[in-house]
Amino acid sequence: MSRIWPAILISGAGTYAMRASFLAFAHRIVTVPPAVARVLRQIPPAALAAIILPALVRPQGHLDLLQPRALAGILAAFVAWRTRNVGLTLVVGMGVVAGLQAV
Amino acid sequence: MPSLTHARAGAAAIAPMLVGVVPFGLVAGAAPVANGFDGWTAVGLSTVVFAGASQLAIVDVLSHGGSAVVAILAALTINLRMVLYSASLAPYLGHESTRRRLGAAYLLNDQVYALSVPRWAADDRSDGRLAFYVGAAVLLWVGWVTATIAGVVLGAAVPDSVPLDFAVPLVFFVLLVPVLVDRPSVVAAVTGGGAAVMAGEAGAGPLSMIVGAMAGIAAGSVADARRRQPASP
């Protein structure tokens with residue numbers, strides 16, 4: 001199992017390089033052209049949704065709408081939208097999954 | 001305002017997120033141990049890689065007999081979004097020294113990114129930006145590493161019926177709500193999520209998140225450009 005340390009170190013270095021990619025050269029960016037800024041603004045909604053939705057509708061690696069996480073996701077989305085409260089969203093989301101798994 | 005005030009504001013802003021980070025950190029600590037690695041491996045992953053989903057991918061690949069190269073490729077693919085975050089943050093931090101920006105880069109993660117950009121976009125003053133970011137990021141780092149260690153120690157004690165890994169998408173919901181501010185951002189999110197699911201169904205594996213994000217960014221940008229065009233007669 002000694003393969004894991006090279007994997008950790010190289011993944012860590014590569015991830016750091018990606019984190020630093022644009023931040024390292026930020027001093028050369030005098031102003032961001034408005035057209036570029038408008039594209040950058042789409043990153044958070046697009047990236048977050050691309051992480052969230054697959055976790056809800058293909059938790060086992062294939063599309064499946066009739067399982068606890070899909071239903072829990074709908075309810076949790078509603079709670080997050082109305083309250084913006086992380087704790088409440090987690091309790092509802094994880095509670096529904098745990099409850100439906102128990103039945 | 002002194003930087004300490006901004007750092008405190010950052011820590012206060014991220015504190016509610018810890019409710020979701022801690023369960024995820026427990027998983028990041030427990031998963032390597034459950035798969036036959038020692039506790040130091042878990043702590044190494046959480047400090048050196050410091051990106052939860054990719055840490056779990058490394059453990060998953062190696063414990064199922066995959067090679068280190070496949071594990072690294074999976075981890076880097078999952079973390080490609082950091083390039084997008086870096087590009088999005090950079091314009092706000094051009095006034096800071098390179099050394100500080102390189103330090104800030106190590107701490108970059110989803111939650112800190114998603115909290116910082118809307119705040120910086122709403123305020124033209126540049127002086128407190130990095131302090132806010134660092135205040136938030138350091139608290140998150142400490143919470144993440146502490147939860148990882150707790151996961152190593154408690155590991156097997158957490159019942160399987162508690163879906164700890166489900167904490168991740170749930171936390172991201174709360175981060176997503178405030179960035180859905182107009183039609184283009186909703187188009188970006190709907191397309192991003194839908195395309196990620198379709199890419200996964202098509203067999204894109206760990207790349208599907210990036211494929212989805214790219215499609216969402218493109219769709220949101222097109223929607224934004226359309227909105228700006230004057231109505232044709």
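What follows draws every value from the coordinates through simple rules; no lab data is involved. These figures come from a predicted structure and were not determined experimentally. All Cβ positions, glycine included, derive from the backbone under ideal geometry; neighbour counts span all protein chains shown.
In terms of overall dimensions, chain A has a Cα radius of gyration and Dmax of 19.6, 59 angstrom. Over what distance in Å are the Cα centres of the stretch B:180-233 and the stretch B:133-167 separated? Going from one Cα centre to the other spans 31 Å. For A:PHE22, the residues whose modelled amide H falls within less than 5 Å of its own, excluding neighbours fewer than 5 places apart on the same chain, are B:ALA87. Separation of the stretch B:68-93 and the stretch A:1-78, taken as the distance between their Cα centroids, equals 8 angstrom. Farthest toward the positive end of the dipole of the protein assembly as shown, out of A:GLY95, A:LEU56, A:ALA24, is the Cα of A:ALA24, where the dipole comes from beta carbon charges about the Cα centre.
Scalar couplings 3J(HN,Hα) for the stretch B:81-89, obtained by applying the Karplus form with A = 6.51, B = -1.76, C = 1.60 to θ = phi - 60°, are 4, 4, 5, 5, 4, 4, 5, 6, 7 Hz; x denotes Gly and Pro. For the stretch B:33-79, the spread of Cα positions along the three principal axes, ordered from largest to smallest, is 25, 23, 13 Å. Shielding value for B:92-104 is 4, the average number of Cβ atoms from other chains within 10 Å of each residue's Cβ. Label-to-label distance for A:VAL91 and B:SER67 is 5.0 nm, based on points extended 7 Å past Cα in the beta-carbon direction. Select from the stretch A:41-103 those trypsin sites (Lys or Arg not before Pro) which occupy a DSSP coil region and have at most 10 other Cβ atoms within 10 Å, ordered by residue number. Hits after loop and neighbour filter: nothing returned. Computed across the stretch A:1-60, the Kirkwood radius stands at 15.0 Å (inverse of mean 1/r, all Cα pairs).
Mean partner shielding of peptide B:119-128, defined as the number of other chain Cβ atoms within 10 Å of each residue Cβ, is 0.
Using only the alpha carbon atoms of the protein assembly as shown, find the Kirkwood hydrodynamic radius as the inverse mean reciprocal pair distance, in angstroms to one decimal.
20.3
Couplings 3J(HN,Hα) of the stretch A:37-43, computed from phi: 4, 5, 6, 4, 5, 7, 5 Hz, in residue order, whole Hz [Karplus 6.51 cos²θ - 1.76 cosθ + 1.60, θ = phi - 60°; x for Gly and Pro].
The per residue volume of the convex hull around the alpha-carbon atoms of chain B is 150 Å³.
Shielding value for B:108-117 is 2, the average number of Cβ atoms from other chains within 10 Å of each residue's Cβ.
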